[in-house]
Amino acid sequence: MLFSPGWRAPIRQGEVLAVFSLGLVLGGTLSAGVVWLASGLVAPVPATARAALTVLVAAVAAAREAGLARLPLPQNARQIPQEVLMHRLRTGSLRFGFEMGTGVRTYVSASSPYVLALGLLLAHLSAPATLLAGVAFGAGRALSAALTYWARSRERDALIAARMTWVKNVTALSVLATASLLLLAS
């Protein structure tokens with residue numbers, strides 16, 4: 001468990017959440033920086049071809065989320081070791097958040113982050129715009145942890161599990177619609 005055992009712990013839960021969230025944002029920013037650097041390699045490809053490929057991948061991702069296509073996601077299918085948090089809770093939480101924030105160290109079960117990464121790669125946006133997307137990715141992952149902490153509800157996990165398929169489908173369709181609109185606008 002990420003959070004400390006309660007009010008008697010030497011480190012407060014809110015502090016752990018803040019450090020973990022900082023790690024998530026830093027990790028997302030690093031991944032976006034790598035994507036931005038790699039995006040220079042696709043700059044010579046015509047913009048309409050890059051946009052069309054993004055729409056195609058978004059359509060496949062939406063089909064995957066709807067259960068119409070069975071495609072494995074490229075991911076590191078293992079969890080971050082518990083030892084990361086065992087000895088130094090602050091630095092461990094920062095490291096845990098950073099590794100999760102990169103999106104390459106643990107499970108990512110939804111297709112949309114992959115579409116975002118590919119879209120950023122193919123769009124070849126400015127460095128600030130791409131880094132801002134990485135910050136938003138990390139902040140989005142941090143929001144999930146913050147909502148869990150703030151809810152303090154035993155029923156929350158069951159409610160989230162019941163809605164997860166719907167949320168992933170709506171997100172995938174939204175990404176597809178947005179990519180399609182951007183293709184039409186170009």
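The values are calculated or read from the model by the stated rules, or taken from the named source; none is laboratory data. Owing to the predicted nature of the structure, the values given are computational and were not obtained by experimental measurement. Methodologically, a virtual Cβ is constructed for each residue, glycine included, from the backbone with ideal geometry; neighbour enumeration extends over all protein chains shown. Please note that ligands, DNA and RNA were not included when accessible areas were found on the heavy atoms of the full protein model with its side chains. Shrake-Rupley method; radii C 1.70, N 1.55, O 1.52, S 1.80 Å.
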Which value in nm describes the separation of the simple spin-label points at Ala139 and Leu184, placed 7 Å from the Cα toward the beta carbon? 2.8
Provide the FRET efficiency to the nearest 0.05 for the Ala69-Trp150 pair, computing r from the beta carbons and using R0 = 30 Å. 0.25
For the chain, what log10 I(q)/I(0) values come out of the Debye formula at q = 0.08, 0.11, 0.15, 0.18 1/Å, with one point per alpha carbon and no solvent? -0.30, -0.55, -0.96, -1.26
Return the calculated 222 nm mean residue ellipticity for the chain, to the nearest 500 deg cm²/dmol, obtained by summing -39500 (n - 2.57) across DSSP H runs with n ≥ 4 and dividing by the residue count. -24000 deg cm²/dmol
Per the 1.4 Å probe, what fraction of the accessible area of the chain, in percent, lies on carbon and sulfur atoms? 69
Stretch gain in nm, segment His87-Ser174, where the contour uses 0.36 nm per residue and the Cα spacing is subtracted: 27.1 nm
Hey, what's the chain come to in accessible area per residue, 1.4 Å probe, Å²? 61
If we count every other residue with Cβ under 14 angstrom of Ala172's Cβ, Lys/Arg +1 and Asp/Glu -1, where does the sum land? +1
So if each residue of separation counts as 0.36 nm, and I subtract the Cα-Cα distance between Ala49 and Tyr107, what length gain in nm does that give? 17.9 nm
Helix hunt in the chain: which complete DSSP H runs extend at least 30 Å axially by C-alpha with mean Kyte-Doolittle at least 0.0? 13-39, 127-151, 156-185
Below 8 Å between Cα atoms, with a sequence gap of 6+, how large is the relative contact order for the chain in percent? 39
